[in-house]
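I have placed the structure first, in the form of structure tokens, so that the comments after it can refer back to it.
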């Protein structure tokens with residue numbers, strides 16, 4: 001899995017595309033990782049940049065302590081995504097999306 005260089009450990013840009021018109025933020029299934037979406041960029045139009053969310057305690061962040069409460073997790077995700085919302089975006093979930101809805 002590749003990703004563009006970023007200091008944001010929450011987001012994995014699976015096929016970096018600065019010219020994309022839309023960012024698709026993908027939240028993996030409960031217990032899953034950003035790797036669940038690694039094949040998606042090749043199946044979507046080049047106007048879409050797949051941005052997989054990597055939660056602490058999963059995938060490349062396995063050594064990071066996972067959150068045990070929803071509210072702090074939602075706040076952390078919101079802060080992590082905010083700088084990435086400089087273009088139109090959409091969000092996709094596979095059960096792991098509950099924190100996104102809790103913030104809205």
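The values are calculated or read from the model by the stated rules, or taken from the named source; none is laboratory data. It should be emphasised that the depicted structure is a prediction, and the values quoted were computed from it without experimental measurement. Cβ coordinates were reconstructed from backbone atoms using ideal geometry, including for glycine residues, and neighbour counts include every protein chain displayed.
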*Would you mind telling me which numbered condition in (1) over 14 Å from residue 91 (Cα atoms); (2) surrounded by 16 or more Cβ atoms within 10 Å (Cβ to Cβ) residue 11 fails?*
(1)
*So is residue 31 in contact (Cβ under 8 Å) with a residue 12 or more places away in the chain and outside any helix (DSSP H, G or I) or not?*
yes
*Subset of segment 4-16 [closer than 20 Å to residue 82 by Cβ and in a loop (DSSP other than H, G, I, E, B)]*: 4, 5, 6, 7, 8, 9, 10, 16
*Could you list all residues from segment 39-49 that are in a loop (DSSP other than H, G, I, E, B) and either more than 20 Å from residue 90 (Cβ to Cβ) or touching a residue at least 24 places away in the same chain (Cβ under 8 Å) (or both)?*
46, 47
*Please enumerate the residues belonging to segment 55-66 that are over 12 Å from residue 31 (Cα atoms) and buried (at least 17 other Cβ atoms within 10 Å of the Cβ).*
61
*asked:* For the condition modelled with pLDDT of 90 or more, crowded, with 17+ Cβ neighbours inside 10 Å and either part of a loop (DSSP other than H, G, I, E, B) or on the phi > 0 side of the Ramachandran plot (or both), what is the one hit in 52, 20, 36?
replied: 20
*asked:* Just the residues that are part of a loop (DSSP other than H, G, I, E, B) and modelled with pLDDT of 95 or more, please, taken from segment 59-82.
replied: 62, 63, 64, 65
_Filter result (within 16 Å of residue 10 (Cβ to Cβ) and either modelled with pLDDT under 75 or touching a strand residue (DSSP E or B) at 6+ places or on another chain (Cβ under 7 Å) (or both)) within segment 83-97_ = 84, 89, 91, 92, 93, 96, 97
